[in-house]
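For reference, the structure discussed in these notes is given below.
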Amino acid sequence: MFDTSVIVGISDWIIQIFNNPLFPFYFSIIFLLIIGYLALRKLNYQVLLESVNKWMIDEKVRIGSKRFSIFFFIVTICVVVSILIFLALIPINTQIINSNALNDYFAIKYQNEIQPQSELEINRIVNEVKPISNISEKFEKIAEWETKNFTDIYWHHVIMYSLNPYANSYVYESTGKIRATRSYVSTPYAEDPDWIQYYKFGACGEEASLFANVTNRTGFVTRFVALDLGSWYKGIPLKTGNHVFVEVKVNENDWYFFDPTVYGADHVLNESPCKEGKPCRNRWFGRPDQYDYFSPDQVLRVYLLDTNEDISKRYSKLSIYIKNSKIPMRINAGNMSIPHFVNVRNFQLESFLNQS
C-alpha cells in the first residue's frame, strides 16, 4: 500500500520553502551563480586554470616548494579572513540600524512616559527620606524603596530575551521589564536612573546607579567602587566577573560603602536572614575595612570606577590574596567587560543644586 504521508510531508516542506520570506534572495543567489558559471564557460576558463597551474609550478621552481607553500598559505589566510570580516560586517550593520530604530522608539516613550513617571517617584522618595536624621536609616530606606519589586537577573535567575539579538542593547524578561545594556551599538539609556526606576530590572550596576542618583539628591556625594571577581591560581588572578557598589561621603573626609545589591539580597530573597524584620548582621553599610560580602579568594582587585584608582588596601578583608598576587590586575575602567557597567559620571551635589 502506498504511503501518502511521504508525499504530504514533501509537499509541506516545499510549501514552507516557498513561503519563506528569504526564498527570493536564495533563488537570486542560485540564479546568479548559474549565470556566472555559464558565462565563465563561454570564456574558456580551462585556459585560465592551466595558466594558474603553470604559474604555480614556475614559482615553486624559482623560490622553492616550501617557501611557496608558506607564502601561498599566508595569502589564502588573508583573503579568507578578509571575506569573513566583510560577511560579519553585514549583520553588524543591520544590528546598528535596528538598534537605532529601537533608540528612536524608546526616545519617544522615555520623554512622554518613562522620565516623567520616574521623576515623580524619585522625588517622592527623596522628600520622604530627607527628614530622616540617622544616615544608616536614610540609606536603608532608599535601598528598601529601590530593591522592592526589583527583578535582579542573579537573585531571580531570570531568563532574558533580546529585542535586538547579537547586539543585545535591549533585553527583556517574561513580565515585560526591559534592561538597557552597554553594547557595541549606542544605548543611551544604559544605567539611566529614570529608566532603571521605571523598569526595576537589572543587576548590581543598575542598583548602584539608581541608589547613587537618589542619594545625591538628598545631599550626599557618591562614587562607584568595582570589584574584579574570579579565582587565584598560584598567585595569578583569573578574572570571571565583576561587582559594583557605591561609596558615600558621610562627612568631610570619610567614605563609607553602601551596597544596595547586598541589601536587596538580604531583605528580598526568601532565604534571606533579614526578611520580615528578622535579626541579621549588617553586610551592606559600613567602613571599607568592614566589607566582607565576598571571600578574599574571590576578589582580584578593588578600584574606583571613574578614576581606575586601586583602593584594595582600604578593603582589607578582601585584599588578603591581592597583597600576595604575582600579577597585579591593571584593567582600564573603560573596559566594557563588566556586563552591568554603571555610569562613571560622579553625580556631584552641586549639579543637583544647580538644577533646583
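Compute for the stretch 193-250: radius of gyration divided by Kirkwood radius, i.e. Rg/Rh, restricted to C-alpha atoms, rounded to two decimals. Could the numbers behind the result be given before it?
Values: Rg = 14.7 Å, Rh = 13.0 Å.
Across the stretch 193-250, the Cα-based Rg/Rh ratio is 1.13.
Obtain the nm distance between the two label points defined at Ile108 and Arg281 by a simple spin-label model: each point lies 7 Å from its Cα along the Cα-to-C-beta direction.
According to this spin-label approximation, the distance is 5.3 nm.
Taking C-beta distances below 4.7 angstrom as the pairing criterion, name the unpartnered cysteines of the chain, in sequence order.
Isolated Cys, the chain: Cys78, Cys204.
What number does the chain give for Rg over Rh if you use C-alpha atoms and the Kirkwood radius?
1.16
Taking Cα pairs under 8 Å and at least six residues apart, what relative contact order does the stretch 106-195 come out at, in percent?
About 20 percent, as a whole number.
Cα extents of the stretch 163-296 along the three principal axes, largest first, in whole Å?
45, 42, 36
How far is it, in nm, from the label point at Leu238 to the one at Leu32 when both lie 7 Å from their Cα along the line to the Cβ?
Label-label distance for Leu238 and Leu32, simple model: 4.7 nm.
Report the full-extension gain for the segment Ile74 to Ile96: residue separation times 0.36 nm, less the Cα-Cα distance, to one decimal in nm.
Between Ile74 and Ile96, full extension yields 4.7 nm more.
Among the lysines, which fall within straight-line cross-link reach of Lys148, defined as a Cα-Cα distance under 22 Å, with same-chain neighbours fewer than 8 residues apart omitted?
Cα-Cα hits under 22 Å: Lys130, Lys138, Lys177, Lys200, Lys275, Lys278.
Any read-out appearing in this document is the output of simple, stated calculations on the displayed coordinates, not a laboratory observation. Here the structure is a predicted model, which means the values were calculated and not measured. Every residue, glycine among them, receives a Cβ derived from its backbone with ideal geometry; neighbour counts consider all protein chains shown.
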